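As structure tokens, the structure follows; a few thoughts come after it.
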Amino acid sequence: MTEAPADNSSFTPTNIRSLRELIDLVSGRSIKEQIPQEDAGYAEVLPFPFLALVGQREMKIALCLTLINPEIGGVLLIGPRGTGKTTAVRSLIDLLPPIERSACFYGCLPEDIEAFGMDGVCPDCAKKFAEGKPLTIQDRVKLVELPLNAKLEDVIGGIDERAAVHDRLKLKRGILAHADLNILYADEVNLLADEIIDAILDASASGNYTVRRGPVSATYRARFTLIGSMNPEEGNLRPQIMDRFGLRVIVKGLDEPQERLEAYRRTHLYRQNPRKMVSLYQAESALAAEEIALAKQILSSVELPEEVARQGIQLIQKMQIDSLRAEITLFEAARAYAAADNRMIVTSEDLRQVAPMALRLRRSRFMNDYFQGRKEEEQEIEKQISEVIKESIREG
């Protein structure tokens with residue numbers, strides 16, 4: 001990858017050949033324009049531009065790959081405070097791709113009819129389908145944040161208090177239901193209560209969950225992409241939770257003094273005038289969103305050759321990784337990486353680029369020692385069995 005230009009004077013959409021090249025180009029650009037400070041007042045909350053983040057290439061690539069291919073299983077950002085983890089996730093809003101979302105209050109989708117027939121949707125949607133009308137509308141993916149102080153009822157839903165005032169028993173949707181077909185972001189995921197983590201994992205694994213309160217129950221869809229961040233100084237994640245995240249990115253502070261200075265400049269200018277700062281990256285952000293949407297469109301046609309797949313399996317076995325999620329993450333990330341480069345065939349180089357993110361923090365020394373201990377025990381059992389049987393044969 002060539003060094004990015006110092007300014008944006010040569011930027012045109014035709015100069016960019018891939019999403020990765022766009023990230024490298026814009027991230028390396030220096031901001032020298034003086035932006036006048038504006039009166040904040042009750043201004044609209046504008047996230048920091050994703051492409052304005054300095055450095056942190058692996059983190060940005062991992063987040064983009066997750067937008068392209070939700071089958072990767074999400075991303076876990078691990079690093080000390082103040083390294084831009086939360087800023088990066090919230091900056092994804094401008095890049096989130098469009099999806100087909102149900103236009104029905106009950107969440108009916110065409111796939112429900114394919115699976116269960118007309119009985120799988122409500123009467124109104126059945127009528128629409130019969131008349132050839134669409135059951136979905138195009139909408140942007142949303143970023144749903146999980147508050148650190150969230151209670152279990154906030155996450156899964158519970159009794160609608162407004163309905164209870166009028167002596168009616170009605171359930172309201174929780175955060176997981178609102179995260180359906182969206183991105184669920186859990187900041188400081190290692191500090192969440194176990195019951196909340198378990199609820200998230202169960203819903204993520206099955207794609208739906210059921211809430212029961214007395215005689216009332218409801219089943220909600222929860223097909224979300226999970227992004228988490230954590231500071232390892234504040235505690236570790238349970239192995240079960242760690243295994244659910246697809247890509248794992250170690251986010252360190254910027255090493256180069258020039259990068260740290262540029263990060264300060266961009267942050268300072270953003271605080272002075274966020275709207276102006278966002279406008280400086282508007283063209284590039286729009287192009288990046290288009291690239292992500294295009295990559296999603298061609299993703300289903302991206303092929304994983306047998307030879308490349310065998311290389312991936314061999315790598316996982318040499319790493320002594322037991323979880324089958326390693327293969328899923330590695331291959332789906334490689335397919336997304338190829339799609340981001342507008343290619344239809346996964347190469348060994350694609351595996352090389354995504355393997356560190358997909359495979360790190362997956363080995364378990366405890367399990368390796370455990371299996372080694374069981375292997376020695378099995379050998380001892382077989383040895384004793386053979387000796388006892390031989391002795392029995394002699395006596396017979």
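The values are calculated or read from the model by the stated rules, or taken from the named source; none is laboratory data. Remember, it's a predicted structure, so these values are computed and weren't measured experimentally. Backbone-built Cβ (ideal geometry, glycine too); neighbour counts: all protein chains shown. Heavy atoms of the whole protein, side chains included, go into the accessibility calculation; ligands, DNA and RNA do not. Shrake-Rupley method; radii C 1.70, N 1.55, O 1.52, S 1.80 Å.
Annotations
- Here the helices (runs of 4 or more DSSP H) wholly within the stretch 49-163 that include at least 1 residues being closer than 17 Å to D180 by Cα and charged (D, E, K, R) are 110-116, 152-156.
- If the condition is being of a type in the set (D, E) and closer than 15 Å to R223 by Cβ, then the stretch 94-112 contributes E100, E111, D112.
- Residue count for the stretch 320-332, restricted to those that are open to solvent by less than 60 Å² (accessible area, probe 1.4 Å) and either over 18 Å from the mean Cα position of the chain (by Cα) or over 19 Å from L299 (Cα atoms) (or both): 3.
To keep it simple, each residue is scored yes or no on (1) of a type in the set (A, V, I, L, M); (2) in contact with a helix residue (DSSP H, G or I) (Cβ under 9 Å, 6 or more places away or on another chain); (3) surrounded by fewer than 20 Cβ atoms within 10 Å (Cβ to Cβ); (4) at pLDDT 85 or above.
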| position | (1), (2), (3), (4) |
| --- | --- |
| V189 | yes, yes, no, yes |
| P215 | no, no, yes, no |
| Q258 | no, no, yes, yes |
| M277 | yes, yes, no, yes |
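- Residue within the stretch 276-296 that is over 15 Å from I345 (Cα atoms) and aromatic (F, W, Y) present: yes
- In the stretch 238-256, the residues that are open to solvent by less than 70 Å² (accessible area, probe 1.4 Å) and more than 17 Å from the chain's Cα centre (by Cα): G253, L254
- Among residues of the stretch 286-312 that are of a type outside the set (S, T, N, Q), those with a Cβ under 6 angstrom from a residue that is assigned to a loop (DSSP other than H, G, I, E, B), sequence gap 6+ or separate chain, pair up as I292/P97; A293/P97; K296/P97; L299/N69; V302/M344; L304/V346; V308/V346.
- Among the residues listed as P80, P110, the single one being farther than 23 Å from G55 by Cβ and either without any contact (Cβ under 8 Å) to a residue 40 or more places away in the chain or of a type outside the set (V, I, T) (or both): P110
- When R310, R352, R335 are screened for being surrounded by 15 or more Cβ atoms within 10 Å (Cβ to Cβ), assigned to a helix (DSSP H, G or I) and basic (K, R), only R335 passes.
- Which listed residue is open to solvent by less than 70 Å² (accessible area, probe 1.4 Å), at positive phi and at pLDDT below 85, from G174, G157: G157
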